[in-house]
Amino acid sequence: MTKGGVMRDLANKVIVLIFACAYLLVFQSIACAEEDRFEILKVGKALPNATLIRFKKPNLQLSDLKGRIKIISIVPQLNTPTCDEQTHRFSEKNGGLDQYLDIITISTNSAKGQYEFSEKSKIKNIKFLSDAPNYEFGKKTGLLNQGFSYLKRTVLIVDKDNIIRYADFVSGGGLPDITKALKEAKQVLGENNP
């Protein structure tokens, strides 16, 4: 083999090695993020505090929501069919729970985009909170898909003291188990109102 051929062969091996190392680093960081969110949002732990944005209202700290039971529906983007359906189901099929607890949707849509969505959809019984543009909630909870700057679909039931009582981490593109989440919320509500 000529000197030039040896150099090309060596260069190709180095390139393959660089790609393999980069792949392993990305895979490891994704695996760590998955592990983090399961640990951070574990049932029995306090919901991490974060600042979220509301349309034409002051920013809101999650700690400000203490005192009420909450269904927190976390969606990537409201303007997609699955996120739209998830939001409508919590709004329209909650069996009257919205009279006794807060239903909150958190997404990476802008606060104005959330407002426009709620107006167009005629949804008045859900509090919309935006995690854009800083993604503080997503970063603190491990739910931010950093490569694409959107949140991973999740549903949390959080009690009056901001303790997580139920967590449904949705893998893939499907819907969460909304029936189960509503049942869990009803159970937490019953524990607080015997």
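Structure values in brief
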quantity: Sulfur and carbon atoms: percent of accessible area, the stretch 78-160 [1.4 Å]; calculated: 48
quantity: Added length on full extension, which subtracts the Cα-Cα distance from 0.36 nm per residue, THR179 to GLU119; calculated: 19.1 nm
quantity: Hypothetical label at ASN59: residues of the stretch 137-152 whose amide nitrogen lies under 15 Å (7 Å Cα-Cβ projection); calculated: 137-140
quantity: Residue pairs, from the table LYS93/LYS152; LYS42/LYS120; LYS139/LYS160, whose Cα atoms sit over 32 Å apart; calculated: LYS42/LYS120
quantity: Rounded, prolate or oblate (a/c below 1.5 giving rounded, otherwise prolate when a/b exceeds b/c) for the stretch 45-194 by Cα gyration tensor; calculated: rounded
quantity: List LYS152, LYS120, LYS139, ordered by accessible area with a 1.4 Å probe, largest first; calculated: LYS120, LYS139, LYS152
quantity: Accessible area in square angstrom per residue, the stretch 68-147, 1.4 angstrom probe; calculated: 45
quantity: Cα-based equivalent ellipsoid of the stretch 34-83: semi-axis lengths in Å, sorted from largest, via gyration tensor; calculated: 20, 19, 11
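The values are calculated or read from the model by the stated rules, or taken from the named source; none is laboratory data. Only a predicted model underlies this, so the values are computations on that prediction, with no experimental measurement involved. For neighbour counting, all protein chains shown are included, and Cβ atoms are generated from backbone atoms with ideal geometry for every residue, glycine included. Side chains included, ligands, DNA and RNA excluded: accessible areas come from the protein's heavy atoms. Shrake-Rupley method; radii C 1.70, N 1.55, O 1.52, S 1.80 Å.
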